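Report on one structure; see the data block that follows.
Values quoted throughout were computed directly from the atomic coordinates according to the rules given, and no laboratory measurement underlies them. Small disclaimer: the values here were computed from a predicted structure and weren't measured. Every residue, glycine as well, gets a Cβ built from its backbone with ideal geometry; the counts of neighbours run over all protein chains shown.
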Ligand code: SF4
């Protein structure tokens with residue numbers, strides 16, 4: 001059953017509060033703000049010089065009404081190819097689902113030059129750099145959040161956000177300056193914040209699908225609801 005909650009904004013928590021201007025929506029390719037991730041980036045660049053190995057920018061339409069927020073680039077996926085969710089298992093399920101519900105067009109071939117385009121939709125991540133073991137630290141999530149806030153602010157028609165997993169859900173709420181107590185993460189939940197709706201889904205990782213925490217049908221149901229609501 002879909003859980004629906006209404007959440008109120010908290011302007012004091014908006015990223016950039018206190019008069020500090022928001023940064024550009026995409027970090028520099030050598031962003032030094034998270035020392036652990038910057039060091040890890042250098043190690044990976046030395047080991048795999050042909051890979052992207054930089055903060056992965058959002059992909060898709062800034063005028064889109066839908067933003068999907070993942071956790072962080074996968075080592076063999078976005079960190080390798082430079083496009084969110086491209087090249088690993090999570091992308092297979094995500095892009096197949098986006099194509100099914102009309103949020104993408106073309107053929108997904110797990111390459112950034114496969115010609116796939118997003119329709120009314122954009123994809124970003126809570127953390128822009130690949131973390132060791134796919135586990136960003138809380139301080140790294142906080143440090144990267146202003147870039148997510150800036151991504152959101154560059155989407156003037158935004159009406160829906162799908163958060164993939166609890167971390168994406170919680171950092172998105174903070175990026176929006178929303179109080180989280182009334183909006184706990186739950187797969188299939190929808191949280192109404194003014195004109196914006198935040199939808200929760202378990203992350204479409206191989207681990208979650210292998211363990212049946214998330215089935216393809218469960219994932220499709222989230223996007224079916226978004227499609228029905230956006231029209
Ligand atoms: S995760 Fe974000 S803030 Fe941290 S180094 Fe990468 S781009 Fe910079």
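For this structure, a couple of remarks:
- Shape descriptor for the chain: Rg over Rh equals 0.94 (Cα atoms; Rh from the Kirkwood inverse mean 1/r).
- Efficiency of FRET from Cβ geometry, residue 228 and residue 42, R₀ 35 Å, rounded to 0.05: 0.15
- Spin-label model distance (nm) - residue 211 vs residue 119, 7 Å beyond Cα toward Cβ: 3.5
- Mean separation of Cα contacts under 8 Å, 6 or more apart, over the residue count of the chain: relative contact order %: 28
- Most to least packed among 170-178, 83-91 [average Cβ atoms within 10 Å]: 83-91, 170-178
- Most to least packed among 107-118, 128-139 [average Cβ atoms within 10 Å]: 128-139, 107-118
- Residue with peak Gaussian network fluctuation, the chain [Cα springs, cutoff 10 Å], from 78, 104, 168: 104
- In segment 68-129, Cα pairs under 8 Å separated by at least six residues give a relative contact order of 41 percent.
- The value of relative contact order for segment 152-231, using C-alpha pairs under 8 Å at least six residues apart, is 29 percent.
- Ordering of 204-212, 189-197 by burial proxy (mean other Cβ atoms within 10 Å per residue, highest first): 189-197, 204-212
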